[in-house]
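Just so it is clear, none of the values below were taken in a lab; they were calculated from the coordinates. Note that the structure is predicted; figures quoted are calculated from it, not measured. We place every Cβ from the backbone using ideal geometry, glycine too, and count neighbours over all the protein chains shown.
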Amino acid sequence: MKTLNVIILMLMVVAAFSNCVAQSIESDEAAITKVIEKAYIGGAFNDKDTKAMEMGFHKSFTIQAEHEDEFEVTTLNKWIDELNSWKSGEASEGGRTKDWNIAAKAKVNIVAVYGDAAVARVDVTFSTEHIFTAFLTLHKFDDGWMIVNLLAAHDGDE
C-alpha cells in the first residue's frame, strides 16, 4: 500500500511538471509570436516603426539572403537605414525602392522552442502574392525573446 501511494505521488508530480512545461512552451510561443508580429511585421513593414525593430531585434541581428545571385548579409543598423531611406522616398543602395502602401500579412509558424532558443517560419505576403519565407532564430534573454537572425528564401529560389 505504501509503495502504491509513492507511485501515485510520483505520477502526480510528473503530471504536474509536464503540465508546467507545456504551459511554459505555450507562453513562450505566444511571446515569440508577439515579438515577430510587432518588431518584424509591424516594425519593418506595416507600421514602419524602427523603434519597435530595435526593441525586438538583438543588436547583433543579421539578415542573410540571396539577391541577384549574390549571398548578402545585412546588419540591423543597415536594414534600419534602408527602411528610413525608403520611408523618405529615396532609393536605397542598389536603387531598390519599396511600395509602402501595401500591407504585409504573415503566417507565423513556431517550428521549435528548446530552452532559450527558438526557430520560426514566417510566410510573408503582400496583397495575395507570397513574396518570401523568412526563417527566424530567436533567443530568450533576461528581458524576453529577441530575433537574432533571419534567413530569407524568396519565391523562385527553391
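List the residues of region 53-69 whose backbone N lies under 20 Å from a point placed 7 Å from the Cα of Ala112 along the Cα-to-Cβ direction. Label zone hits: 64. Each residue of region 109-117 was assigned a 3J(HN,Hα) from its phi angle through the Karplus expression (A = 6.51, B = -1.76, C = 1.60, θ = phi - 60°), giving 10, 7, 7, 7, 10, 9, x, 9, 10 Hz with x at Gly and Pro.
Which FRET efficiency value, to the nearest 0.05, do you get for Glu26 and Glu54 by plugging their Cβ-Cβ distance into 1/(1 + (r/R0)^6) with R0 = 41 Å? Efficiency at R0 = 41 Å is approximately 0.90.
Of the trypsin sites (Lys or Arg not before Pro) found in region 22-65, the ones in coil according to DSSP and having at most 16 other Cβ atoms within 10 Å of their Cβ are Lys48.
Among Val111, Val35, Val119, which comes first, second and so on when ranked by fewest other beta-carbon atoms within 10 Å? Numbers along the way, then the final one.
Details: Val111 11, Val35 23, Val119 16.
So the residues, fewest neighbours to most, are Val111, Val119, Val35.
Note that region 72-84 has calculated 3J(HN,Hα) couplings of 10, 10, 10, 7, 4, 4, 5, 4, 5, 4, 4, 4, 5 Hz, one per residue in order, obtained from phi through the Karplus relation 6.51 cos²θ - 1.76 cosθ + 1.60 (θ = phi - 60°); glycine and proline are x.
The HN-Hα couplings worked out from phi for region 41-46 by the Karplus form 6.51 cos²θ - 1.76 cosθ + 1.60 (θ = phi - 60°) are 5, x, x, 7, 10, 6 Hz, whole numbers, x standing for Gly and Pro. In a fully extended conformation the segment linking Lys87 and Lys2 would gain 23.4 nm over its present Cα-Cα distance, using 0.36 nm per residue.
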